[in-house]
Structures are given as structure tokens and as C-alpha cells.
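Quick notes on the structure that follows.
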Amino acid sequence: MASLDEKWKAVDKFKSVVVDRERDVFRVTEELYDLHSNREQLRGVTSSCNYRLTIPFAPHLFGSGKTTFARTYLELVQRFGETFLSKFASDPSRRAFLENLKKASLLYVDLKELEPTVPIEFFRNLKWAVYYLLYRSACNQMGLPFMKPDEAYRHIPPYPSFLIAELRKTLGIPSDQYLLLAIDEVGVFDTKATLFELEKNDKGVVRPYNDFFGIISQLCKEPDLFFIVVGKSKGLSIKNYVSSVSKVILHFISLSPLDASSIVEFLEKSLLKTPTQVPVCNVLCSSSFSVNELADSLLECTGGVPGLLTRAVNMLLNYIIPRNQPFISKEECLTCMNDYDFRRICAEPFVERILNLDEDRKSVFDILLMMALYRIPFQVDDILTSESFLYDAVTEMGLYRYPIDQNTFQVLIPKVFVGIFKNDPSISSLEKILLESLDVEPVDCFFYSKCRVFEGIVALRLVLMLSSKNRNELRELLCQLSPIWKQMKLPISTISPIHYMKSVVSSIETRNESNKSRRTFANTEWNKIIRETLYLETIYIPLDATSHSPDIIFKLQSPVEPKVLTVGVACKGRWKSEGIGWSDIIDEAKKFLDPVYDQVLSSAMDYHHCMLIIVSTKLSLNVSNELGNQSRCYSSGMFIRGDSFKVPDNCELVILCERDVQMLIDEEILNGLERAFHVSHNPTFWDFGLDLLDRIRNSFLSWQ
């Protein structure tokens, strides 16, 4: 039997291609054009002073394709020149610029090689160290010998015009050809700043990035010279005044994760490193397993992060090629990628930063997990603390941002990370539930309305309520109301994640989707759902909101075998001004209790029971008066509203009063949700506010 190291290898097997970077190329090209058209202002030749130098910058997103983008930008300009970039070339000046850019030369510079250098009077001079590194990089790129530092200093005086002339001579390009300098690993200044003598501000504080971008800004005055800067850094933030980069504006290149269609293109165009150069998808896919299904599987596993995607594909190729047998189904492929050791090896290079967070950053990890699970977007200028922007917190923690538009993002946590995070001993039980919920959630997720966020909060509270070993008022209330509930084994043995079950739809509704397996149950399949789909002690939320199933479902077991209780929870918000009336309650009962009794309980003797809990944040006046503002349980055989509905055998209907509902979700959280969703159908972090998310988090922590 092969060892784990032999089974899962990340050895490079194919040559990847760059896909889905049209928008990034367009934006960077615009920024370079702005420098080109305003260079005279920068040099002080004209009286106008409106332009402020902007440098395209790709910050830390490990595996996002920063280095690849910087190295291949000019190739992408040529690829998109007649298509996507045709919109850019809207006038003669822009067209001429684009044509010159297509013929530009690129010099790649790795700042990891930056170090103090002679002559001794300039030994700790950052400017000379940068100049010499640029010169040496040009020589290395052309395969030429280079002068030693002291000789180079005599030959190349430390002024921009002398340096650029030497670079052009070394690269063999004329003085009027565009030259793009791609500077990588700018984050070295987080650790190497102490090696150089740097400027201090009036408070005696050193800002190494200020010095570095000051050098770049002087070089940008030279004609036909352009820059892209990339790298992982704690010292560079989305707002320049936070990082004190006062010399320039940094234009952040989004480098968004790939979507399913882009992954398909990646798989079809990437070729094996063999003489035959077979497309990757032809090796991994059989006639019964399409490239679209492979792309969906990889998206679910990696989140579309290019570095993770490339590593996962290499691992799959290393697994498949020796066997000479492609995957025959999506299930087989996902089984491989869900293997703990596959995920561990795939994610290892990417998660070092988050496993070594300081306490300040760890304290907001659960907030970011909630944002990822509930799909709460954030904007580029949302403030997390008085000293930190949310954008930067995501960056510094080594997580990912999925752009919705130019200024709006969502927190993305690839599934391959989850297992490593869960094994971190510093992870709290709440964070573990959130991580595991993200792990089981389908990639096409659902929390896009106040109703679904409301359901998600209630579901998490139920997980904690059912598993808490401490005294719990809600659990005690249900024991008082329901004899069946009292017989169940509580607290449950383990804290489980929220699972997302296939939704229940009417049998006349469509259940087929192209290139996907069936995702929905018919309304006649409750027997299958309860007996085969619902695991004991696990909270489920249907993937798609339908009118045929409760919002939350779980199954409990009595310590005396084999008594089982299936519980449905109908979450009814305050969205109706008059509150939830009897007709709404009866509709919920009929759609769940009646079919469950007909299909399951009627043939299950006495060991299987079913309960529906109505969790309404606003009951109508009629309902409240009839209940006497108390929670109530209607047992088997009882009638509701005359003979409108009779509770079936082995069933119970529990209606929680508004006061008791607040054990699950309090008034302030409800008010916050209403305010947030009043602003927008899909409110951002700003609309929710950190105070609301803190309150939700604290409500979870109170039951841990």
C-alpha cells in the first residue's frame, strides 16, 4: 500500500495558463496610461499639479497569482489588445499608447535579493541598494556578467537618468521603447528595513515603504518607464495614510479568484509537461465525468484561488497518471479532494500566516468566519477598529477576498483550509462550528436575505443550545412543554456544524439541472429525508428556500432505543406588520406535520415522533391573546382554531411566545437585521455594523 506521501504529491505536472484577468489588465493599463499622460506634471514641467502618481500594487493574497500577473502582464496586453482592451483604446492617444505597450520590454526584479552594498559610504543607503539590484537583475535576465557594486557605483552615478540608460543598454532596447519594471516581494521591508538608514518623521518613526516608493516616484519621472509592484506585506494597507506611503497612491489590483467557467478554460488550455502536451482535462476526465463537473469540484475545494487550484490539479494528476485511469464521477473526484491528507498537503504552503496570528487578529477571526458563512459583503473603506480596515485584516490574516464590484468584497475561506484551522488548538468551539459549517456548505451558497440570516443565527443557537452542558432556559422550557422532548438525550454528544440538506420541493417542480446531479427532494420523499438524509444530532438548513419544508430540521434520539424525534423549526420574522397569524401557523403545520405523518409516522409504530416549533418574532394580536402571551405545545389529537387543523398522531406543535423567542435571537439583533436589510437587499458590513456582529457573536458565546 502506498504511503500518504506517495499518494498525494504536489510535483509540477503541467504548464498552467493565465485566465480571467481581463478586468485587472484593463485597470492596470489605465493606471499606466495616466502616468504616461501626466508625466510632465510629475516632472514639474507644466504649471498643473492635479496629478498624483499612482502605482499598480497587488498586496498579500498568497497564491492569488501576484507574481504570475506581474511577469505575464505584457503578454496579457497582447492577448487582450484586440478584444477586451479595444474599449480602452477609445481615442488616438490611447490607441498609440496601447500599441507601444504591446511592444514594451519587461524587467522582473525580486526584492528578496535586496541587501546593503558597497561603497562603504553608501553601505546602508536604500536608494543605491535598489539601483544596484535593478542593474544586476537586468544583467541576470540577459545572461550577462555584472559589475561589482563599487565598480558599478563609479560607472552608474545614483541618478535616475544614468540608471535607466544603463538598464536600456543592458536589455538591448532603444531609449523610446516602453520599459515596464515588475518589482516583486515588496514585503521584504517588513523585516529588512533595519538594514538601511531610513528617514524618520517628526515623531522619530521610520516608514520604510515611504522611502522605497519615494525612490520609485523619482524614477517615474523618466520617459517611457512604468512600474507594477507586488508582494506580501504587513506594512502596506488599503489606505495610504495607514501605511504612510505619502509619495504615491497605490492602486490595488484585485486578482480575484476564478469562477467555474474560468476554471474550465484553465483546465482546457493548460497542458501536461510531456512531448504530447495533452490538455489537463483530458487526463483527469472520463466520458462519464465532464470538465464542467471537474471545474465545479475544484471550485468547491479551492475557492478558485489560482495557487490553490494549480496545486490541487497537480496533486490530482500525480494521483491519476500512475493509475492510467481518469475519474469516472464527481463523487470520486470530491472523495479525493475531501481526504484530510489531500487538504493538508494542498493547503500547507498557504496557511502559515493565519496559524501565527497575534492576539488582536485572532480576536476577529470568528467575525470573519461569520461574514464568510452569512455572505456579508464589505467595502474597501470599512473600518474594523480605530487602527485597522477590514480589507487589511483579511489580507494580513492570509484569507481571501472575492470581489463583487470594484469596491465591494466578500470574505473567502477555501475548503482546503478548514481541516488545518480546525486542528489549531487555539480555535474556539464557536470558530470550529463556523469552520465546519463552511466546509459542508455547497459552493453556490445562500445567505442573501434577512430571513436566511435570521435562520442561520437561530440554527447556530440551536446547535449550541442542544450541546451545552450548562443550564439552559430554552431547553428546560421545551422539556416543560413537551413530554416527547423531555425523553430525548440532551445535551447531544458533540457540537456539530450546520449542514445544508437538499431542499424539499413539490413533485411538480423541476428537479433537474444541466451538468449537476439532482439537488432537490420531492414533497413525497419525507420518508427518504428522515430515514436516510438526516443524521442524528445534526442541524440542517435546506439549501434553497421553499414553501414545502421548515427552515431548520434536526433529529434527536432517546437514550432508550429506538425512540426518535424529528424536529422542524419554522422561523417567521417580523416582516409582516400585523404579525404572524393562525393561518400562517396552520399552513406551516400542514406542509410539514401532515406529510411526515402520512409518509413516515403512520407506519413507524410508536418509536418515531415529529415536532414543529414556530419561532416567530412577532405574533398577531389574536394569536398572542389566545396563547395568553405564553409558549404552548399542542399534542397529538388536539385541534387548532376549531377544526382548522388536527395535530396528527405522534406529533406536536410548539408555538414560542415572543418573550421566549428572545432566548434564540434577542431584540437588538432583530432590530439590527431589520435596519441592515432596510438599506439594501444584500447589505454590507457597514450596514450591519461591527456592533451588531459583535452582539451576534456574543449571543453564540453565551451558550458555549
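Looking at I354, I376, I367, which one is in a loop (DSSP other than H, G, I, E, B), in contact (Cβ under 8 Å) with a residue 12 or more places away in the chain, assigned by the TED database to the domain that holds G398 and surrounded by 19 or more Cβ atoms within 10 Å (Cβ to Cβ)?
Just one listed residue meets the conditions, I376.
So which residues in the stretch 174-187 are touching a residue at least 60 places away in the same chain (Cβ under 8 Å) and open to solvent by 20 Å² or more (accessible area, probe 1.4 Å), if there are any at all?
Scanning the stretch 174-187 gives Q177, E185.
Report yes if I580 is touching a strand residue (DSSP E or B) at 6+ places or on another chain (Cβ under 9 Å) and either surrounded by fewer than 20 Cβ atoms within 10 Å (Cβ to Cβ) or closer than 16 Å to L619 by Cβ (or both), otherwise no.
Judged against the criteria, I580 is a match.
Which residue pairs have Cβ atoms under 9 Å apart, sit 6 or more places apart or on different chains, and have a first residue in the stretch 1-29 that is closer than 14 Å to M315 by Cβ and open to solvent by 80 Å² or more (accessible area, probe 1.4 Å) and a second that is in a loop (DSSP other than H, G, I, E, B) and at pLDDT 90 or above?
What qualifies is D12/K273.
In the set L107, L114, which member is under 37 Å from the mean Cα position of the chain (by Cα), within 30 Å of E22 (Cβ to Cβ) and in contact (Cβ under 8 Å) with a residue 40 or more places away in the chain?
Exactly one of L107, L114 is under 37 Å from the mean Cα position of the chain (by Cα), within 30 Å of E22 (Cβ to Cβ) and in contact (Cβ under 8 Å) with a residue 40 or more places away in the chain, namely L107.
Taking A312 as meeting all but one of (1) in contact with a Cys (Cβ under 8 Å, 6 or more places away or on another chain); (2) more than 21 Å from S16 (Cα to Cα); (3) of a type in the set (G, A, S), write down the number of the exception.
The one condition A312 does not meet is (2).
I'd like to check something: does the stretch 53-60 contain any residue that is out of contact with any Leu (no Cβ under 9 Å at 6 or more places or on another chain) and in the same structural domain as D224 (by the TED database)?
no
I'd like the full set of residues that are outside any loop (DSSP other than H, G, I, E, B), surrounded by fewer than 16 Cβ atoms within 10 Å (Cβ to Cβ) and either touching a residue at least 40 places away in the same chain (Cβ under 8 Å) or basic (K, R) (or both), limited to the stretch 647-673.
Residue satisfying the conditions is R659 alone.
Inspect all residues belonging to the stretch 602-622 and state whether any of them is over 30 Å from S506 (Cα atoms), surrounded by fewer than 19 Cβ atoms within 10 Å (Cβ to Cβ), in contact (Cβ under 8 Å) with a residue 40 or more places away in the chain and not β-branched (V, I, T).
Yes, the stretch 602-622 contains at least one residue that is over 30 Å from S506 (Cα atoms), surrounded by fewer than 19 Cβ atoms within 10 Å (Cβ to Cβ), in contact (Cβ under 8 Å) with a residue 40 or more places away in the chain and not β-branched (V, I, T).
Which one is most open to solvent (accessible area, probe 1.4 Å), of the residues in the stretch 243-276 that are in contact (Cβ under 8 Å) with a residue 40 or more places away in the chain and over 30 Å from E396 (Cβ atoms)?
Filtering the stretch 243-276 for residues that are in contact (Cβ under 8 Å) with a residue 40 or more places away in the chain and over 30 Å from E396 (Cβ atoms), the one most open to solvent (accessible area, probe 1.4 Å) comes out as K273.
Among the numbered criteria (1) without any contact (Cβ under 8 Å) to a residue 24 or more places away in the chain; (2) open to solvent by 60 Å² or more (accessible area, probe 1.4 Å); (3) not acidic (D, E), which single criterion is violated by R136?
(2)
Quick one: how many residues across the stretch 544-584 are under 33 Å from the mean Cα position of the chain (by Cα), aliphatic (A, V, I, L, M) and not in a strand (DSSP E or B)?
Result for the stretch 544-584: 1.
In the stretch 524-539, what residues are surrounded by fewer than 19 Cβ atoms within 10 Å (Cβ to Cβ) and outside any loop (DSSP other than H, G, I, E, B)?
N527, K528, R531, E532, T533, L536 - these are the residues of the stretch 524-539 that are surrounded by fewer than 19 Cβ atoms within 10 Å (Cβ to Cβ) and outside any loop (DSSP other than H, G, I, E, B).
Since V45 meets every condition but one in (1) in a helix (DSSP H, G or I); (2) of a type in the set (A, V, I, L, M); (3) open to solvent by 30 Å² or more (accessible area, probe 1.4 Å), which condition does it not meet?
Tallying (1) in a helix (DSSP H, G or I); (2) of a type in the set (A, V, I, L, M); (3) open to solvent by 30 Å² or more (accessible area, probe 1.4 Å), V45 fails exactly one: (1).
Condition first: basic (K, R) and either over 28 Å from K563 (Cα atoms) or outside the structural domain of G581 (by the TED database) (or both). Now tell me which residues in the stretch 597-643 satisfy that.
Those that are basic (K, R) and either over 28 Å from K563 (Cα atoms) or outside the structural domain of G581 (by the TED database) (or both): K618, R641.
So, in the stretch 316-333, how many residues would count as being open to solvent by 30 Å² or more (accessible area, probe 1.4 Å), assigned to a helix (DSSP H, G or I) and either closer than 20 Å to D12 by Cβ or in contact with a Cys (Cβ under 8 Å, 6 or more places away or on another chain) (or both)?
Qualifying residue count, the stretch 316-333: 4.
Does S636 satisfy being in a helix (DSSP H, G or I) and small (G, A, S)?
Spelling it out, it is not the case that S636 is in a helix (DSSP H, G or I) and small (G, A, S).
Taking the stated definitions as given, is P149 more than 21 Å from I228 (Cα to Cα) and assigned by the TED database to the domain that holds P56?
yes
Which one is farthest from L35 (Cα to Cα), of the residues in the stretch 85-114 that are assigned to a loop (DSSP other than H, G, I, E, B) and either open to solvent by less than 30 Å² (accessible area, probe 1.4 Å) or at pLDDT 90 or above (or both)?
Residues of the stretch 85-114 that are assigned to a loop (DSSP other than H, G, I, E, B), as a first pass: 88-91, 103-104, 114.
If we keep only those that are either open to solvent by less than 30 Å² (accessible area, probe 1.4 Å) or at pLDDT 90 or above (or both) too, we end up with 88-89, 91, 103-104, 114.
Numbers: F88: 15, A89: 16, D91: 17, K103: 18, A104: 15, L114: 26 Å.
By that ranking, first place goes to L114.
Tell me, please, whether a residue that is crowded, with 20+ Cβ neighbours inside 10 Å and outside the structural domain of V280 (by the TED database) can be found in the stretch 421-428.
yes
Regarding F409, is this residue assigned to a helix (DSSP H, G or I) and of a type in the set (F, W, Y)?
The answer is no for F409.
The values are calculated or read from the model by the stated rules, or taken from the named source; none is laboratory data. Here the structure is a predicted model, which means the values were calculated and not measured. Ideal geometry is used to build each Cβ from the backbone, glycine not excepted, and the neighbour counts take in all protein chains shown. Quick note on the areas: whole protein, heavy atoms, side chains included, nothing else; ligands and nucleic acids left out. Shrake-Rupley method; radii C 1.70, N 1.55, O 1.52, S 1.80 Å.
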